[in-house]
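All remarks here apply to the structure that follows.
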Amino acid sequence: MGTYAEHTGASVSQFMIEAAMEKACNVIQETETLHLSVTSADALFAALDNPPKPNSKLLKATQHYKETVNVDNH
């Protein structure tokens, strides 16, 4: 009985690198994927379709951003 690497035709180090890369991709996908219930998805779409008016805190943050970042160069 051979190693898993032998069964795939890869060296042990190639097999380990490929396995680590596959695991890393799975972890990234799991952490970057948004999982919503139907109710939550409906609430998200409703908020996107009808966004709330900006409150004073958001307006202040926007003004601060414009004053501190050269928005003309972005």
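The values are calculated or read from the model by the stated rules, or taken from the named source; none is laboratory data. On a predicted model such as this, the values are computed, not experimentally measured, just so you know. Cβ sites come from the backbone with ideal geometry, for glycine too, and all protein chains shown count toward neighbours. These area figures cover heavy atoms from the full protein model, side chains too; ligands, DNA and RNA do not enter into them. Shrake-Rupley method; radii C 1.70, N 1.55, O 1.52, S 1.80 Å.
If you fit an axis through the alpha-carbon atoms of helix 12-32 and take the longest principal axis of the Cα set of the chain, what angle between them do you get, 0 to 90°, nearest 10?
With both axes taken from Cα atoms, the answer is about 20 degrees.
Angle, helix 56-68 long axis vs. longest principal axis of the chain, Cα atoms, 0 to 90°, nearest 10?
Relative to the chain, helix 56-68 is tipped by roughly 80 degrees.
Hey, can you find the accessible area per residue of the chain for me, probe 1.4 Å, expressed in square angstrom?
96 Å²
Please name whichever of A24, Q63, V38 sits farthest to the positive end of the charge dipole of segment 2-67, dipole taken about the Cα centre and charges placed at Cβ: Lys and Arg +1, Asp and Glu -1.
Towards the positive end, the residue furthest out is Q63.
Once the piece of chain linking L59 and L36 is laid out straight, how much longer is it, given 0.36 nm per residue of separation minus the C-alpha distance between them?
Extra length from L59 to L36 when fully extended: 5.4 nm.
Express the carbon and sulfur contribution to the solvent-accessible surface of segment 9-52 as a percent, rounded to the nearest whole number, probe 1.4 angstrom.
Whole-percent figure for carbon plus sulfur exposure: 64.
Taking just the alpha-carbon atoms of the chain, what radius of gyration and Dmax come out, in angstrom?
Computed over the Cα atoms of the chain, radius of gyration and Dmax are 24.0, 69 Å.
Given charges of +1 on the Cβ of Lys and Arg and -1 on the Cβ of Asp and Glu, with all other atoms neutral, how large is the dipole of the chain about its Cα centre, in debye to the nearest 20?
Approximately 500 debye in magnitude.
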